Amino acid sequence: MSNLSKLEFVALDISGKNFLPWTLDAQIHLTAKNLGETIIDDNETSLQDKAKAMIFLRHHLHEDLKREYLTIKDPLELWNNIQDRFDHQKLVLLLKARSEWIHLRLQDYKSVSEYNSALFRISSELKLCGDNITDEDMLEKTFSTFHPSNLILAQQYRERKFTKYSELISCLLVAEENNKLLLQNHQARPVGTNPLPETNAISTRSKHGRGRSGGPHRGRGRGRGRSNTWHRESHNTKIDGGRGSSRQNTGRPHKGRVSGDKDNICYRCGMSNHWSRTCRTPKHLVEAYQRTMKEKGKQTETNLIEGAPNSSSPAFWSDTHLEACDFIENVRDV
């Protein structure tokens with residue numbers, strides 16, 4: 001009996017909350033061990049088989065339950081006592097499963113797989129308690145709980161007339177994965193833009209030295225005594241500004257000319273540290289910069305025009321300076 005030294009499934013809890021799955025597991029394992037008849041009424045099994053079944057059942061009980069049923073030696077009697085004690089758990093689980101089934105909605109879950117897992121769990125509990133859930137019930141539950149924004153999609157799936165829930169859930173899972181892929185492709189870069197090409201710039205300079213060539217070909221002919229060597233600039237090699245000879249970087253500051261490339265500004269995008277021919281700024285940013293440069297410097301002329309008050313308004317008479325000649329046509333007559 002060394003195979004009974006460890007639990008083959010979860011032991012029955014003292015509260016009986018796992019009574020239904022424990023009952024199912026115990027029946028399956030006893031049948032697999034040819035001990036299933038030991039918990040059936042009016043069985044004629046041998047004492048040895050009853051002892052094996054008793055050991056197996058007690059091994060999968062809570063420690064407190066073992067002490068409560070310490071005097072029972074018949075597996076059938078132990079089985080019936082456990083059934084009478086925790087049989088009410090079936091009604092408790094049934095009410096809970098029915099409530100979860102009523103409030104189950106596809107729109108409440110972030111993914112189809114989560115909804116599918118919850119639906120199968122609830123339907124299994126209902127079947128275990130005696131309520132049969134068919135494929136038609138699961139299909140109707142899924143169709144009627146789509147999100148309101150997907151009503152047309154739900155109607156299209158309904159018109160396909162699925163007969164099995166597995167067929168519908170397969171279509172939903174595939175559609176969900178395709179939507180994720182499309183969303184990832186959309187978020188990879190903005191709409192209407194192309195991926196930036198990779199550009200590698202290599203700066204080369206020629207070295208013309210006098211003397212014999214260091215290459216494998218030596219002798220007479222044109223260009224004798226000269227060697228044309230092309231080399232790449234690296235971080236540890238600097239070019240002498242006057243004579244064209246190269247020397248290794250010793251860590252000391254270079255005393256030659258300091259290049260002003262870092263101070264140059266690209267006239268294409270307005271950024272520094274690169275030239276216009278190597279500019280990799282996106283096209284829409286370049287166009288925005290060019291428009292800004294064109295509009296820069298334009299001065300907006302502003303003219304303030306005040307409307308003259310009407311002669312019939314009080315403001316006209318209060319602000320206008322009047323003299324006597326304005327009222328008398330001929331001053332000499334006065």
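Derivation of every value follows stated rules applied to the coordinates shown; laboratory data play no part. This one's a predicted model, so the numbers in the text were calculated from it and none came from an experiment. Note that each Cβ is placed from the backbone with ideal geometry, even for glycine, and that neighbours are counted across all protein chains shown.
Below, the figures for the structure above:
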| read-out | value |
| --- | --- |
| Calculated FRET efficiency for the pair LYS17/SER170, C-beta based, R₀ 25 Å, to 0.05 | 0.15 |
| For segment 50-100, alpha-carbon Rg and Dmax in angstrom | 13.7, 42 |
| Full-extension gain in nm, SER276 to THR71, via 0.36 nm per residue minus C-alpha separation | 64.3 nm |
| Taking ILE82, ILE152 and counting other C-beta atoms within 10 Å, the order from fewest to most | ILE152, ILE82 |
| From phi via Karplus (6.51, -1.76, 1.60), per-residue ³J(HN,Hα) for segment 14-26 in Hz, x at Gly/Pro | 5, 7, x, 5, 10, 5, 5, x, 5, 4, 5, 5, 5 |
| Distance between segment 1-51 and segment 136-188 - C-alpha centres, whole angstrom | 43 Å |
| Amide H contacts under 5 Å for LEU61, placed H, 5+ residues apart | LEU12 |
| Debye intensity ratio I(q)/I(0), log10, segment 96-187, q values 0.12, 0.17, 0.20 Å⁻¹ (C-alpha model) | -0.40, -0.76, -1.01 |
| R0 of 56 Å, Cβ-Cβ distance GLU44-HIS284: FRET efficiency to nearest 0.05 | 0.05 |
